[in-house]
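Let me begin by presenting the structure, written as structure tokens, before commenting on it.
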Amino acid sequence: MPETPKSETPGSGFWDGKIFKLRDFACNPGRGSVKNVDYEQTMGRLTLRYVLKGELADLDAQHLRVELSSWELRVNRCTGGEAGIETTVPITPLSGDLLGDVRRELSWWVLEKEANGDNVFTMELGKREHKVWSTLWKVGLNHHRKTHFGWNNNQKASIKKAEEMLVRVKAGRLSKAETDPFIMSREILCSGLEDGQDDAVATMRIHLDPAATQKACESVCLANLFGLDVTERYLKLFIRGDERSPILMGELGGPCVPDLTRWEIVKAQAPSDDPAGRSASGFSNCLQITIAKAKESRRRWPRILTESEHTLERDAAPESLEDLKVAPRPKSPDRTGWTPADHAKESKAKGDACFKKNDWRDAIVYYTRAIGHTPEDEKLYSNRAACYTKLKKFEKALTDAKKCVALKPNWPKAYFRQGQALRGLERFDEAVVAFKDGRFRDPSNPDWEKEIEKTEDERDKFDAYLREQRRLKREADLTTELNEASVVAEREAMVAVAEQALRAGKSRKEAGELAQKGAELAKQRVHEMGNKKKAMMVEDDYEANEPAPYRIVHEDGTIHPKGFAHTDKGTYHLGMVVMNAERPPTSQPWVEIRHPSRLRWTQGCAQLRLKVTLPESVSSAAEVEVKLTPTSIHIGTAGNSDPVVAGDFERKVDPQGENYSWYLIPDEKPAVLEVTIDKDASEVYQTFSYGTLLWPRLFNDDIQLGEGLFEADLTDLPPHLLEKWRREQDRSSKQSMDDRKRRQRLTEEEIMEETSRNWNDEFARHGMATRFDTNEDRMIENYRQ
């Protein structure tokens, strides 16, 4: 196979006579050297060149063993061993883990003598991904070499694929049929065309169908799919192996500079009228061609490219671009005196011929021309809708089908086209209605029942698929939350246990060991609660993205360990309220709800804090409106009557409180509004227990939260109330210590006697007949007897 002429930059193109040809995509860096191994690369291939020296200088291909996997290259020198057993010695500069994955079936190597006598090893590797390599070898840990430990049957390591195993590669270059195989036709691969220009350059962008591109790349590199030939006035873009049926071919709007033509694969959105061509992320691969205009034609061209009629016909284009200028054109019929109906009839006949050959794209072109002449012909819209359906462009097919129904409401085939398009859009109920409308107008045709049954079967399969996706999403979300909560619980448990151990006089080593045990116990508790929650998870018909009633999270939105305290009434926490008087709680939970938009809230004893996610259109505080009353709040945006957040509070607040404020948090996208609100002062001053100041919910229609979820933050109380609480705590602590010391002087019988009397007093206070026996009761009973 003759070598491709080399250009100054790999992949930048080469001249073949008067034609400038592009067969690969240039990248930067295009060349490099690692340990005397020179390499050059394009987006689709990487070529190694290594001069064998010293004792390797006289080797031939028979004495080399080249082994290749999808990520590893091994080049060994073969030597004779004992008893005729072949042994191998690795050639270190040519052996190692590659930076990226390669295609073994598109790779080759040769060992050749150059004119200067050097013995040169050359190897070309076909890249698996369309991307630049920054170097040749992988440095550090390779993920392919990671050892997998399977803890159960579901976590067993996957079986090694054939492409990941080292296999010997024979010497020799690939043939042209192997490097340029015909993979896919233009009708399947290409989904749209855009163009634009300025005075200096003209740009054409060919949108590629995501599913077809993915299927094509299973066989070849993306960079090996296309070929581009350019002369001063003509251009031809084709799929390699299918040169006679080009994607684009014709005369440019003016002279260009061929060797300045550049092409690249870019990500772009499909045209707005072609939603079927978009990938899930909204962007798909496109082939972008940039043509540099010659100096004398640097102006806006009337048309960037005037396509040749050969482009519309399969296997009709000349192989060489030079033959395009002299290719004989068939004599056009005499169209003098033709009516629009005659022109439409001619175009329809060409479209029908393409339709029979399954050339849907070309058929659409001819049917569109015919519609331009006779826009009231319903059959043309029906035929074009059929072509769009074949190309899976169901939105366009539905538009044509609706036009067809509007032009001829009693035509059954119009409803058949409409039903097909709706079924392709997964609007199954509407599709069934369309087919039933067709059956009503053509009751003798048995095919209507088949179409209805087929649609209902597809709907059932689609519903089952959605249910399974919802289940998988719930499990994935639960696993993510469980992992986040485990990390947080372990960290908090380690800190708390270590501090307590050090305060108790333990050494640092002992404190560290206790902290590790505490972290393990905390992780175990979180996993037990997570498993209990997973066991209670049931299948339902709600959408996977439907928000839960609320989530218990940290301030930044990550899951809080208390979010896994699960009961049959909801996810909430029940326990003793922790009182914090010296400093604010270190891990106060936030509750995330929707009312109707998303917000997070938390509380102390005297204050509420809210964080509200605003619409993406909000960019400044001037666009936000906050209305606060003693019993409600309303947050909206200027010029929009729909509230972002609105609701009636569980208890009263103080709109005139000294801490009431709101502002937009800087550098948040979308914008986040933080609001601080004072609770009603009368409630704060009149309470007998500060733990009761914690609200069980924010709004009166929210789900009740359990006691103990929030810690009582006493630091936000007025100073004199906080000082009063501290004095009460000190008095209570002193009384408790005195009582403890007094009890230490009592006998066990005296302690039991005192305890029984205390319980009897409590029973009597509440009117209960229950009593414990005491010595006093026994003495009275003996006296009565």
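The values are calculated or read from the model by the stated rules, or taken from the named source; none is laboratory data. Being a predicted model, the structure only gives us computed values, none of them experimental. Reconstructed Cβ throughout: ideal geometry from the backbone, glycine too, with neighbour counts over all protein chains shown. In case anyone asks, the SASA skips ligands and DNA or RNA and just uses the protein heavy atoms, side chains included. Shrake-Rupley method; radii C 1.70, N 1.55, O 1.52, S 1.80 Å.
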- Query: For region 27-120, which strands (runs of 3 or more DSSP E) that fit wholly inside it have 3 or more residues that are at pLDDT 90 or above and surrounded by 16 or more Cβ atoms within 10 Å (Cβ to Cβ)?
  - Reply: 37-41, 45-52, 64-68, 72-80, 102-113
- For region 183-218, name all the residues that are among the acidic types (Asp, Glu), over 27 Å from the mean Cα position of the chain (by Cα) and buried (at least 20 other Cβ atoms within 10 Å of the Cβ). Glu187
- Message: One residue is enough: does region 469-486 have a residue meeting the conditions farther than 30 Å from Met529 by Cα and surrounded by 12 or more Cβ atoms within 10 Å (Cβ to Cβ)?
- Response: no
- Item | Count - residues of region 319-341 that are modelled with pLDDT of 75 or more and either closer than 25 Å to Met204 by Cα or surrounded by 10 or more Cβ atoms within 10 Å (Cβ to Cβ) (or both) | 4
- Within region 392-446, residues open to solvent by less than 90 Å² (accessible area, probe 1.4 Å), of a type outside the set (Lys, Arg) and farther than 30 Å from Ala211 by Cα come out as Val405, Ala406, Leu407, Pro409, Trp411, Pro412, Asp437, Gly438, Asp442, Asn445, Pro446
- Taking first residues from region 293-308 that are farther than 17 Å from Glu194 by Cβ and second residues anywhere that are aliphatic (A, V, I, L, M) and not in a loop (DSSP other than H, G, I, E, B), the pairs with Cβ under 6 Å that are 6 or more apart or on different chains are Ser308/Met249
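For (1) in contact with a Phe, Trp or Tyr (Cβ under 7 Å, 6 or more places away or on another chain); (2) at pLDDT 95 or above; (3) closer than 30 Å to Glu346 by Cβ, each residue gets a yes or a no:
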{"site": "Tyr366", "(1), (2), (3)": "no, no, yes"}
{"site": "Lys403", "(1), (2), (3)": "yes, no, yes"}
{"site": "Lys436", "(1), (2), (3)": "no, no, no"}
{"site": "Glu449", "(1), (2), (3)": "no, no, no"}
- Report yes if some residue within region 523-541 is crowded, with 18+ Cβ neighbours inside 10 Å and modelled with pLDDT of 85 or more; otherwise report no. no
- Output the residue which, of all residues in region 276-313 that are under 21 Å from the mean Cα position of the chain (by Cα) and exposed (fewer than 15 other Cβ atoms within 10 Å of the Cβ), is modelled with the lowest pLDDT. Ala280
- Query: Yes or no: Glu753 surrounded by 10 or more Cβ atoms within 10 Å (Cβ to Cβ) and either under 60 Å from the mean Cα position of the chain (by Cα) or assigned to a helix (DSSP H, G or I) (or both)?
  - Reply: yes
- Name, by its number, the condition in (1) in a loop (DSSP other than H, G, I, E, B); (2) crowded, with 19+ Cβ neighbours inside 10 Å that does not hold for Arg600. (1)
- Message: Give me the strands (runs of 3 or more DSSP E) completely within region 626-704, filtered to those with at least 3 residues that are loosely packed, with under 14 Cβ neighbours inside 10 Å, ordered by residue number.
- Response: none
- Might you let me know whether region 28-47 holds any residue that is in contact with a helix residue (DSSP H, G or I) (Cβ under 9 Å, 6 or more places away or on another chain) and of a type in the set (Ser, Thr, Tyr)? yes
- Note on the structure: In region 121-136, residues that are acidic (Asp, Glu) and part of a loop (DSSP other than H, G, I, E, B) total 1
- Item | Contacts under 6 angstrom Cβ, first residue in region 704-730 being on the phi > 0 side of the Ramachandran plot, partner open to solvent by 40 Å² or more (accessible area, probe 1.4 Å) and not aromatic (Phe, Trp, Tyr), 6 or more apart | Gly708/His573; Gly708/Leu574; Gly708/Met576
- Query: How many residues, within region 717-743, are under 24 Å from Ala681 (Cβ atoms) and open to solvent by 30 Å² or more (accessible area, probe 1.4 Å)?
  - Reply: 10
